[in-house]
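None of the figures in this text is laboratory data; all of them are computed from the coordinates on show. Since we're looking at a predicted model, the values are computed, not measured. Neighbour counts are summed over all protein chains in view; Cβ atoms, including those assigned to glycine, are modelled from backbone coordinates with ideal geometry.
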């Protein structure tokens, strides 16, 4: 008789497997079809593979995050099904994004301009990329991975570890031709702060809705910074990191204060500890 433990009992091995497969799912379509904002094939293939990964392979083959559980309970465990009202989740996501934009404007001032280029040209490849990353990066990091971490750690360690995985995961862009440079290092810091804030909202609401909406908006509307002087570049780069960090801190405070107004979430199903 086999005494091998199920995969959900090996937290970090399970996380590593999920992350590696997810990175491959995201990278392979670009390797096959190339990178183009107008070609829908990479995005369609990524979305198809991600649906297979997160709604078939992970719950039924890997039996994550909580062992063999009905599919309905799986959706609850990863935050796609929650007692927290959907409308409240949408409002919380919009509020968090408004705070991010306000912090960027307050700190960068005249150095930035808003470029909603998606509304100027029909770049179907970008649209599909926005939906793919906004939905499936959240399911991966704040859904499955965070649920597994919450079984082993108290909430703040689980939040920080999931955010670190989210931030470092963006370095995988080198697989599709991105340069491993200072800009990518700064992106890791920004996405880490983003990850902390969104994971905090998930723990508080048990819902992925705010994070998915925040993620989609964050990818949909890009911010271009106009460098006005080479000597000021390092200051602006620091601010570009500081603005998301400040926004994350303010958003967590606002989340804590507004949750009683937005609606009560269901009890945490993965851990008995609560955030103060």
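Stokes-Einstein D for segment 1-110 at 20 °C, 1.002 mPa s, Kirkwood Rh over Cα pairs, in µm²/s?
Translational D for this selection: 124 µm²/s.
Among 123-130, 93-100, how do they line up by average Cβ neighbours within 10 Å per residue, starting with the highest?
Peptide ranking by packing, descending: 93-100, 123-130.
What spacing in nm lies between the two simple spin-label points modelled at residue 57 and residue 72, each 7 Å away from Cα in the Cβ direction?
Placing both labels 7 Å along Cα→Cβ, they lie 2.8 nm apart.
Would you mind ranking 193, 133 by Cβ crowding within 10 Å, fewest neighbours first?
In order of increasing Cβ crowding within 10 Å: 133, 193.
Hey, quick one: spin label on residue 156, modelled 7 Å out along Cα-Cβ, who in segment 187-214 has an amide N within reach, i.e. under 16 Å?
196-197, 199-201, 203-204
Give me 44, 146 ranked fewest to most by other Cβ atoms within 10 Å of their Cβ, as a rough exposure proxy.
44, 146
I'd like to compare 80-89, 199-208, 162-171: which one has the highest average count of other Cβ atoms within 10 Å, and what's the full order after that?
Top of the packing list down: 199-208, 162-171, 80-89.
Using Cα centres only, tell me the gap between segment 77-103 and segment 4-65 in whole Å.
24
Take 11, 141, 191 and order them by how many other Cβ atoms sit within 10 Å, fewest up front.
11, 191, 141
If R₀ is 35 angstrom, what is the calculated FRET efficiency for the pair residue 20 and residue 90, using the beta carbon separation as r and rounding to 0.05?
0.60
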